[in-house]
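The values are calculated or read from the model by the stated rules, or taken from the named source; none is laboratory data. The structure presented is a predicted model; accordingly, all values stated were derived computationally and were not measured. Glycine gets a Cβ as well: all are built from the backbone with ideal geometry, and neighbour counts include every protein chain shown. To get the accessible areas, we keep the full protein, side chains included, count just its heavy atoms, and leave off ligands, DNA and RNA. Shrake-Rupley method; radii C 1.70, N 1.55, O 1.52, S 1.80 Å.
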Amino acid sequence: MKTTGTLPEDRETETVSTVLTGDPLRGTADEESKKGTEGRTLNVFSHGMLVLWAVMVVMPLLWAVMTSFKDDKSIFTSPWSPPSTLNFDNWSRAWSQAHMSEYFFNTLLVVGGSLIGTMLLGSMVAYVLARFDFPGNRFFYFLFIGGMSFPIILALVPLFYVMSNTGLLNTRHGLILAYIAYSLPFTTFFLTSFFRSLPTSVAEAALIDGASHTRTFFQVMLPMAKPGLISVGIFNFLGQWNQYMLPTVLNTDPDQRVLTQGLVELAASQGYKGDWSGLFAGLVMAMLPVLAAYIIFQRQVVAGLTAGALK
């Protein structure tokens, strides 16, 4: 008996595939093979770019460390070969004669005080902006965002006169206050978004149980915001440790110099003396704390950057 009408859609697809390829499954297999080839090509390209980027970043660091153990003659005669002997005298000379120990001490005091103040004030401001609705909330939020886009170089001259008139010039606590003001906009912006991503039910439960807003913030919300605090803390540490412009303008006392100022002084003095090995040793000394901080807390940095987007 002859049947009339149109074939079902799957029968039509099978018929066309059979006519064109001779095999109903060949078209699907070819498409999957093509996608697999494209995926492998993309993986090879992306991994190749990552390897190239890693080499471009790591090689200068390794070369600086290697050069810090050479003598001055070997630096110019065989710059790319490893040192024949490890000259630890370069490090001791840079630490003592070039006053790197004093620069380290001043930098630790300034960066430690400013980091604590930045994280404390920034987290408190961010929590208020993220959790409380009041007139001017958005205005203050965008005011901090505007502070991120304001070039620090435009504020150097008025900041110099303000600190000079208030007796804060050439002092560690004055430089700490300047560092806090410099880092506070980014800290507030970052933590405001992070506090908004945290669940409100925990804070509401604490308030119902009789906890004050202060206790809720310090004992409930801050521990929950630990990944974000670590991430923004690392970024602030890197920025404040490498800060050069602010201490150059606001800290002209030779006894109060921080590490970046000391490195410039070391480059000028040791360059004229021809003590290049001591210069590279001082450079590596200044670089090690930054590398150590990032290597130790790299997982926390990534977790803090992605936590707000995942919640």
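Counting residues in the range 195-213 that are free of Cβ contacts under 8 Å to residues at least 24 places away in the same chain, within 13 Å of S123 (Cβ to Cβ) and assigned by the TED database to the domain that holds Y161 gives zero. Cβ-Cβ distances below 8 Å connect the following pairs, each with a first residue in the range 123-151 that is in contact (Cβ under 8 Å) with a residue 60 or more places away in the chain, a second residue that is of a type in the set (G, A, S), and a separation of six or more residues or different chains: S123/A225; A130/S193; R131/A203. So in the range 152-176, with the set limited to residues that are without any contact (Cβ under 8 Å) to a residue 40 or more places away in the chain and under 27 Å from the mean Cα position of the chain (by Cα), which one is nearest to M124 (Cα to Cα)? Top of the filtered list is A155.
Residues satisfying the criterion are absent from the range 194-217 (criterion: over 21 Å from Q298 (Cβ atoms), of a type in the set (F, W, Y) and open to solvent by 40 Å² or more (accessible area, probe 1.4 Å)). If you take the residues in the range 250-260 that are in a helix (DSSP H, G or I) and under 21 Å from the mean Cα position of the chain (by Cα), which one is surrounded by the most Cβ atoms within 10 Å (Cβ to Cβ)? Within the range 250-260, the match that is surrounded by the most Cβ atoms within 10 Å (Cβ to Cβ) is L259. Scanning the range 117-141 for residues that are loosely packed, with under 10 Cβ neighbours inside 10 Å and assigned to a helix (DSSP H, G or I) turns up just one, F139.
The condition (being in contact with a Gly (Cβ under 6 Å, 6 or more places away or on another chain), closer than 30 Å to F76 by Cβ and buried (at least 21 other Cβ atoms within 10 Å of the Cβ)) is satisfied by just one residue among L279, L266: L266. With respect to the conditions (1) surrounded by fewer than 21 Cβ atoms within 10 Å (Cβ to Cβ); (2) within 13 Å of V111 (Cβ to Cβ), P247 lacks only one, and its number is (1). Restricting attention to the range 225-238, report how many residues are part of a helix (DSSP H, G or I) and open to solvent by less than 30 Å² (accessible area, probe 1.4 Å). Qualifying residue count for the region: 6.
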